[in-house]
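What follows is a short report on a single structure.
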Amino acid sequence: MTSWVNQVFCEDALTGLARIPDGSVDLILTDPPYNLGKDYGNASDQQTVDAYLAWTEQWIDAALPKLKANGSLYIFLTWRFSPEIFVMLKKRMTMMNEIIWDRRVPSMGGSVRSYSSVHDTIGFFVNRKDYYFDLDAVRIPYDAATKKARSRSIFIGAKWLEVGYNPKDLWSVSRLHREHPERADHPTQKPLEIIERMIKASCPPGGVVLDPFMGSGTTALAAQRCERNFVGFELNPDYCAIIESRLAAPKLEPTRKAAKRKSAATAVATEEQA
Ligand SMILES: C[S@@+](CC[C@H](N)C(=O)[O-])C[C@H]1O[C@@H](n2cnc3c(N)ncnc32)[C@H](O)[C@@H]1O
């Protein structure tokens, strides 16, 4: 494999993207700063609206050429800037879905002059009609009660009952609580369950997933667990250290085949190593 694969470079994505040859990644899966004022140890989430949108357009234009012709992109956003950013992307790609991630926030407190926001907005975009998409890899099994209810003769041999149903565009997955075994020291870490679903559906086994904004490295870890390759960037050296330890010692039960995979293929590269 080439030198940029299975590396998270501790550097600005805008610089680092130049390392990746055009047309070489299967999936861009990213969770950029939302510009809500969070402290990532840098000012990326604390920009003026104009600067944020201009910067977003800049990294989108640097990242999209890296995608293969049949590649896809998932982007996490919030309602605050998803309208503008979806328009930017719709000028460049075809939008397939707006996925709502219901973070399963408990009903306590919240806004008193508006409705409490409890979801993130995810855009799913593709380059062209014959994009890679493996629905069978992400089907959801029917529960025993449903299967029993469909046990009449007209359902016997019904393949859909055995293979499960396709995920809808509303994903209810709890955010990571402080005590959650997956939890790392990053303020906006995403659950592996969500990222792994996207990777299984939209990146072929052995393919490459690019995340320009790795944070705690969830995309890299999910790719490793799903037997895909990864590449990405993270500005904050403390988060780079978290990524390194998550990749070196995946704490959670790996997915079936990933257990056999050698961890030697993974590394977090510093500027010196790169
Ligand atoms: C929303 S967080 C990503 C969280 C990640 N999905 C996870 O599960 O941990 C965005 C990350 O982008 C990083 N970042 C911001 N600007 C960057 C840039 N220009 N290049 C690389 N990383 C950047 C921030 O430091 C932050 O950790």
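Each value in this text was obtained by applying a stated rule to the coordinates, not by laboratory testing. Keep in mind that this is a model prediction, so the values were computed, not measured. In this analysis, Cβ positions are derived from the backbone assuming ideal geometry, glycine residues included, and neighbour counts consider all displayed protein chains.
Rounded if a/c is under 1.5, else prolate if a/b beats b/c, else oblate: with a ≥ b ≥ c from the C-alpha gyration tensor eigenvalues square-rooted, which is the range 7-269? Please list the in-between numbers first.
On the way: a/c = 1.44, a/b = 1.29, b/c = 1.11.
Cα axes put the range 7-269 in the rounded bin.
Counting only residues 5 or more places away or on other chains, whose amide H sits under 5 Å from the amide H of residue 229 once H atoms are built in the peptide plane?
Residues meeting the criterion, in which the H sits 1.01 Å from N, are 206, 207, 208, 209.
So which chymotrypsin sites (Phe, Trp or Tyr not before Pro) in the range 65-100 end up in coil per DSSP with only 15 or fewer other C-beta atoms within 10 Å?
Taking the range 65-100 and a limit of 15 other Cβ atoms within 10 Å, the loop chymotrypsin sites (Phe, Trp or Tyr not before Pro) found are 79.
Using mean Cβ contacts within 10 Å as the protection proxy, how do 12-22, 193-203 order, highest first? Kindly include the intermediate steps, with their values, before the conclusion.
Details: 12-22: 16.2, 193-203: 22.0.
Top to bottom by mean Cβ count within 10 Å: 193-203, 12-22.
Using Cβ-Cβ distances only, list the Cys residues of the chain with no partner cysteine under 4.7 Å, sorted by number.
By the Cβ distance rule, which asks for a partner under 4.7 Å, the isolated cysteines are 203, 226.
Determine ³J(HN,Hα), in whole Hz, for all residues of the range 45-62 in sequence, where each value follows from phi through the Karplus function 6.51 cos²θ - 1.76 cosθ + 1.60 and θ = phi - 60°; x replaces Gly and Pro.
Working through the residues one at a time gives 9, 10, 9, 5, 4, 4, 5, 4, 5, 5, 5, 4, 5, 5, 6, 4, 5, 7 Hz.
Using a Cα-Cα cut-off of under 17 Å, which aspartates and glutamates could be cross-linked to residue 129, ignoring same-chain neighbours fewer than 8 residues away?
Excluding near neighbours in sequence, the set is 26.
Going through the cross-link list 168/200; 91/168; 38/90; 159/200; 90/190, which pairs have a Cα-Cα distance over 18 Å in this structure?
Beyond 18 Å: 91/168; 38/90; 159/200; 90/190.
Only loop residues by DSSP count here, and only those with at most 13 other Cβ atoms within 10 Å; note down the chymotrypsin sites (Phe, Trp or Tyr not before Pro) in the range 113-171 that meet that. It would help to have the intermediate numbers written out before the result.
Details: sites: 115, 124, 125, 131, 132, 133, 142, 155, 160, 165, 171; in loops: 115, 131, 132, 133, 142.
For chymotrypsin sites (Phe, Trp or Tyr not before Pro) across the range 113-171 that sit outside H, G, I, E and B with at most 13 neighbouring Cβ atoms in 10 Å, the list reads 115.
Quick one: 3J(HN,Hα) in Hz for the range 107-117, Karplus 6.51/-1.76/1.60 with θ = phi - 60°, rounded, Gly and Pro as x.
My calculation for the range 107-117 gives 7, 9, x, x, 5, 10, 10, 7, 7, 5, 8 Hz in order.
Tally the DSSP beta bridges in the range 7-269 and give the antiparallel ones as a percent, rounded to 5. Walk me through the numbers on the way to the answer.
Values: 15 of 35 bridges.
Restricted to the range 7-269, the bridges split so that about 45 percent are antiparallel.
Would you pull out the residues with amide H under 5 Å of residue 97's amide H, same chain only if 5 or more places away, H placed 1.01 Å from N?
Correct list: 124.
Enter the Cα centre distance for the pair the range 37-76 and the range 121-171, rounded to the nearest angstrom.
Computed from Cα coordinates, the inter-centre distance equals 32 Å.
Once every DSSP H run of n ≥ 4 in the chain is given -39500 (n - 2.57) and the sum is divided by its residues, what mean residue ellipticity at 222 nm do you get, rounded to the nearest 500 deg cm²/dmol?
Numbers: 8 runs with 70 residues, N = 274.
The per-residue figure over the chain is -7000 deg cm²/dmol.
Expressed in nm to one decimal, what extension gain is obtained for the pair residue 38 and residue 117 from 0.36 nm per residue of sequence separation less their Cα-Cα distance?
Numbers: separation 79, 0.36 × 79 = 28.44 nm, distance 1.64 nm.
The span from residue 38 to residue 117 would gain 26.8 nm if fully extended.
Test of understanding: what is the full-extension gain from residue 159 to residue 249, defined as 0.36 nm times their sequence separation minus their Cα-Cα distance? It would help to have the intermediate numbers written out before the result.
Values: separation 90, 0.36 × 90 = 32.40 nm, distance 3.86 nm.
Taking 0.36 nm per residue and subtracting the Cα distance, the gain is 28.5 nm.
Along the Cα-to-Cβ line of residue 92, 7 Å from the Cα, sits a label point; which residues in the range 28-49 have backbone N less than 12 Å from it?
Of the residues in the range 28-49, 28 have backbone N under 12 Å from the label point off residue 92.
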